[in-house]
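> Sending over a structure as structure tokens; questions will come in a sec.
The values are calculated or read from the model by the stated rules, or taken from the named source; none is laboratory data. All values derive from a computational prediction rather than experimental measurement. Quick reminder, even Gly has a Cβ in these numbers, built from the backbone with ideal geometry, and neighbours come from all protein chains shown.
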Amino acid sequence: MKTFALSGELRTELGKKASKGLRAGDQIPAVLYGGNDVVHFTVSQEAVRNLVYSPDIFVIDLTIGGKTVKAILKDLQFHPVSDAILHLDFLQVEEGKAIVMEVPVVLTGHAEGVKAGGKLSLEMRKLKVRAPYTEIPEQLFIDVTELGLGKTIQVGALSFDGLEIINAKNAVVCAVKLTRAARGAMAKSGK
């Protein structure tokens, strides 16, 4: 997993009024959970831009008040109209302790169903996995070479070394859907 360096400033004033003032000054209120105590701090919009607007997942070297910890971005809130970042939640991680994280899915291979005229559809862009942060890969690769026309790959059919997949077992990850052209070809051939 890639590493991202981020530094924040401790904040003492909490509440709506203080948070509103911070946001007006181009700062984002944030919270760090998972340690001995909850730490409230702020980060700048510019500092988190490459962390938030990226398809990659990161382990963050988070420096707050001179102390550095390893963390992951657990949750973020956007303004419903302007899409500005309103709040960030970070989770402190430790060696060997399992965490739950969403990992991007990448489809590999050329599906049999696509060769027959179907269309490959990725239904789940990310899967939730549980593992120590050192074991979590940057991407989950799924081979679709054997996937036929009208067939799907469900979460229950997947397994990755050292990872436990949290999503529902019957959730569809990807499918080869029938197109009009494929339906017409099937009707003409009598299948």
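> Determine, yes or no, whether Gly113 is free of Cβ contacts under 8 Å to residues at least 24 places away in the same chain and part of a helix (DSSP H, G or I).
So Gly113 fails the test.
> For the range 30-70, which residues satisfy the criterion of being of a type in the set (S, T, N, Q) and within 19 Å of the chain's Cα centre (by Cα)?
Asn50, Ser54
> How about the range 5-29: which of its residues are assigned to a loop (DSSP other than H, G, I, E, B) and closer than 15 Å to Lys67 by Cα?
Arg11
> With in a loop (DSSP other than H, G, I, E, B) and either within 30 Å of Thr152 (Cα to Cα) or out of contact with any Gly (no Cβ under 8 Å at 6 or more places or on another chain) (or both) as the only criterion, which of Glu138, Glu102 stands out?
Only one candidate qualifies: Glu138.
> For the range 30-48, state whether one or more residues are without any contact (Cβ under 8 Å) to a residue 60 or more places away in the chain, within 30 Å of Asp143 (Cα to Cα) and part of a strand (DSSP E or B).
Scanning the range 30-48 turns up no residue that is without any contact (Cβ under 8 Å) to a residue 60 or more places away in the chain, within 30 Å of Asp143 (Cα to Cα) and part of a strand (DSSP E or B).
> Condition first: assigned to a loop (DSSP other than H, G, I, E, B) and either surrounded by 14 or more Cβ atoms within 10 Å (Cβ to Cβ) or in contact with a helix residue (DSSP H, G or I) (Cβ under 9 Å, 6 or more places away or on another chain) (or both). Now tell me which residues in the range 124-135 satisfy that.
Of everything in the range 124-135, just one residue is assigned to a loop (DSSP other than H, G, I, E, B) and either surrounded by 14 or more Cβ atoms within 10 Å (Cβ to Cβ) or in contact with a helix residue (DSSP H, G or I) (Cβ under 9 Å, 6 or more places away or on another chain) (or both), namely Met124.
> Can you tell me which residue in the range 136-153 is modelled with the highest pLDDT, limited to those that are crowded, with 20+ Cβ neighbours inside 10 Å and more than 20 Å from the chain's Cα centre (by Cα)?
Applying the filter and picking the extreme gives Val144.
> Still on this structure, I have one more. Confirm whether Ile165 is buried (at least 16 other Cβ atoms within 10 Å of the Cβ) and modelled with pLDDT of 90 or more.
yes
> Would you mention how many residues in the range 49-90 are of a type in the set (Val, Ile, Thr), touching a residue at least 24 places away in the same chain (Cβ under 8 Å) and assigned to a loop (DSSP other than H, G, I, E, B)?
Here the count works out to 1.
> Next question. Any chance the range 70-78 includes a residue that's surrounded by fewer than 17 Cβ atoms within 10 Å (Cβ to Cβ), at pLDDT below 85 and not aliphatic (A, V, I, L, M)?
The answer is no; no qualifying residue exists.
> Also, quick follow-up: Hey, among Ile85, Ile60, Ile99, which residue is among the β-branched types (Val, Ile, Thr) and under 14 Å from Gly8 (Cα atoms)?
Every option except Ile60 fails the conditions.
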